[in-house]
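See structure below.
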Amino acid sequence: MKNFTSVASAFCITAMLLAGCGTAEPSKEGSAATETAKKEVVLMDASFPTYNNIDELANQADLIIEGKILKSSFKLINIAEEPADPNDEKLNPGGDISDSPAIPYTIYDVEVQKNYKGEAAEKEIIQVKQVGGEDQEHTFKVEDSEELKTNENYVMFLATFENSPASLLNPVQGSYTVEDDGTIKGNEKNQIKIEMNNLLKLEQQ
């Protein structure tokens, strides 16, 4: 039996519970049949580390960028991977990799506009994943999470992986909208405010 360990990252989903259901109108894209149907809303109970200030957020991130969302897609991803050392009990807590649940993600293609930390070139297109999204029948939501919008610019605090798209550190504090006037706006539930000079300091470190 092959054992597995969860992908280590700055965030870790410690629970995913189908906590509630409802209905919501689907997006206008897709077939006429899909447009007229209602989607079941699945509320996902997931816990993430939270951060108290910009330094904690920046220190935890492997990659900090300003990026433009080019497009998005939905995918179920099994975030478990085989351990680097199967004989290391800490890396290999047991269980079969096929038993690890697939988690719904939205995958964004992001064009890097500016890199403040980590390995990414300007104009490079990277993939970023966020828990939640929509398939043909369901809308998966995490409380307080905000969907990233195509053609909008965001500052993103990311954890990176060798064999998986990068991930926002958490749904509330992992991304900030960059307004047309350069103002950086966070989620209304996010108490950490950042300005451009905060990012420039990171770039100089």
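What follows draws every value from the coordinates through simple rules; no lab data is involved. Model, not experiment: these values are computed from the prediction. Methodologically, a virtual Cβ is constructed for each residue, glycine included, from the backbone with ideal geometry; neighbour enumeration extends over all protein chains shown.
Computed values, structure above
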item: Label point distance in nm, residue 114-residue 179, each placed 7 Å from Cα along Cα→Cβ; result: 1.6
item: Pairs beyond 19 Å (Cα-Cα), from 39/75; 68/114; 75/189; 39/141; 129/201; result: 75/189; 129/201
item: Shape call, the range 166-205: gyration tensor on alpha carbons, a/c limit 1.5; result: oblate
